[in-house]
Amino acid sequence: MKKFRKYLIWLFIILLLLVGLYPLPYFVEAPGAAQPTSQVIQVQRHPDHQKGEFLFTTVAVKSGTALNLLLAKILPFQEILPKKAVLGDNNNQEYERTQRYFMENAGNSAIEVACKKAHVSYHKQYLGIYVMSILPQSHFKKHLRVGDTITQIDHQEFSNAQAFQHYVKTRQPGQKVTLTYKRQGKTRQVTRSLISLNKQHQSGIGITLVDHLRVHSRPAVQIHAGAIGGPSAGLMFALQIYAQLKRQDLTHGQIIAGTGTIDSQGNVGPIGGIDKKVYAAQKQHARIFFAPQEKITRHMKHVHPHYQTNYQLAQRAAQRLHSPMKIVPVTSFTDAINYLQTHH
């Protein structure tokens, strides 16, 4: 009898673990890390001599197991999101590949912006078109995958995505084309027919695409972000690169965190999960936190009357934490540089 009861207890524990660890159609967004940018950025012959640190902040996305969902209800700064809201139409692997592209693109923009500001030479290398998604009806569906870079169509190279698209538009639906593409460093080819994309019978491959570029500078800048993805580290990467290129201590001995996308013109854009990033920065005793301050248009106010900017959300998070950390709004890379140079 005792043995039977023991087996029942163990069976109950095993079932409880299985139920608790079984993934449900949700994700949990939680505070990630606040990591020194100097750990992932190398500038040739320009080591980092700053007394303080720049930190780029991340959000952790965890599988929505019953256990994680329960913890998200208890722990602060955690949010439960439907799987569709995170992945869209992608699977986990496709999502990870697009996030790596966004990180790579953020790094390219950061290098370009920092080089412009520091008056350092750089050039862009066009790699091809990056496959962001593939339509179910595409005849290339079984051959291409998200993350591939198409380098040629019918053995012809083009200098931008618009030129690729223009070439395809000159062909007819049903006409075959040969794509040359790269996947994990290996070059492949596939020939299939184009599809009709709309009522006007415009021909297409059936993919969503963006330009795939690489920025090279002198001195060379390398960014090794590892498995970290997404575009939100762009601003902090640019600050680190610029400080090393100019051999300046922009931190003045302080720990400075922040977040924000950055484009090639130095504009800083909003990101998701900023409250969780403020939490991560506070854990690392950051004194300053750069937050994107986007402009709210009349249309946005009409559609979302209670919309709050990244800056406002970051302020609320800092207040909730009773943090002395100063939240600084920025709309551009220049805003951040000007603040650091005038607030020692």
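The values are calculated or read from the model by the stated rules, or taken from the named source; none is laboratory data. Computed from a predicted structure; not experimentally measured. So basically every Cβ, Gly included, is an ideal-geometry build from the backbone, and we count neighbours across all protein chains shown. When the accessible area is computed, the model is the full protein with side chains, heavy atoms only, and any ligands, DNA or RNA have been set aside. Shrake-Rupley method; radii C 1.70, N 1.55, O 1.52, S 1.80 Å.
Assorted remarks:
- Check on ASP89, under 22 Å from the mean Cα position of the chain (by Cα), part of a loop (DSSP other than H, G, I, E, B) and on the phi < 0 side of the Ramachandran plot: yes
- When restricted to residues that are open to solvent by 20 Å² or more (accessible area, probe 1.4 Å) and over 17 Å from ILE296 (Cβ atoms), the range 313-322 contains 4.
- When ALA286, ALA291 are screened for being at pLDDT 95 or above and not in a loop (DSSP other than H, G, I, E, B), only ALA291 passes.
- Long-range neighbours under 6 Å by Cβ, at least six apart or interchain, first residue aromatic (Phe, Trp, Tyr) within the range 64-78, second part of a strand (DSSP E or B) and open to solvent by less than 40 Å² (accessible area, probe 1.4 Å): PHE77/PRO31
- LYS301 vs. criteria modelled with pLDDT under 95, open to solvent by 20 Å² or more (accessible area, probe 1.4 Å) and in a loop (DSSP other than H, G, I, E, B): no
- Among the numbered conditions (1) out of contact with any Gly (no Cβ under 8 Å at 6 or more places or on another chain); (2) open to solvent by less than 50 Å² (accessible area, probe 1.4 Å), the only one that ALA280 does not meet is (1).
- Strands (runs of 3 or more DSSP E) contained in the range 32-82 and holding at least 2 residues open to solvent by 50 Å² or more (accessible area, probe 1.4 Å): 53-65, 79-82
- Residues of the range 71-94 satisfying the condition of being farther than 20 Å from ALA280 by Cβ, hydrophobic (A, V, I, L, M, F, W, C) and touching a helix residue (DSSP H, G or I) at 6+ places or on another chain (Cβ under 8 Å): LEU87
- Across the range 186-210, the number of residues qualifying as of a type in the set (Val, Ile, Thr), under 24 Å from TYR126 (Cα atoms) and out of contact with any helix residue (DSSP H, G or I) (no Cβ under 9 Å at 6 or more places or on another chain) comes to 5.
- Taking the criterion of being surrounded by fewer than 24 Cβ atoms within 10 Å (Cβ to Cβ) and either among the charged types (D, E, K, R) or in contact (Cβ under 8 Å) with a residue 24 or more places away in the chain (or both), the residues of the range 283-298 that qualify are LYS283, GLN284, HIS285, ARG287, ILE288, GLN293, GLU294, LYS295, ARG298.
- For GLY234, the conditions (1) in contact with a helix residue (DSSP H, G or I) (Cβ under 8 Å, 6 or more places away or on another chain); (2) over 30 Å from TYR339 (Cα atoms); (3) open to solvent by less than 10 Å² (accessible area, probe 1.4 Å); (4) of a type outside the set (Phe, Trp, Tyr) all hold with the exception of (2).
- Count of the range 150-173 residues, restricted to those that are open to solvent by less than 10 Å² (accessible area, probe 1.4 Å) and either free of Cβ contacts under 8 Å to residues at least 12 places away in the same chain or within 21 Å of GLN184 (Cα to Cα) (or both), is 3.
- Long-range neighbours under 6 Å by Cβ, at least six apart or interchain, first residue in a loop (DSSP other than H, G, I, E, B) within the range 246-258, second surrounded by 19 or more Cβ atoms within 10 Å (Cβ to Cβ): ASP249/GLN50; LEU250/ALA243; LEU250/LEU340; THR251/GLN50
- When we screen ARG192, ARG188, ARG145 for residues that are in a loop (DSSP other than H, G, I, E, B), of a type in the set (Lys, Arg) and open to solvent by 50 Å² or more (accessible area, probe 1.4 Å), the only hit is ARG145.
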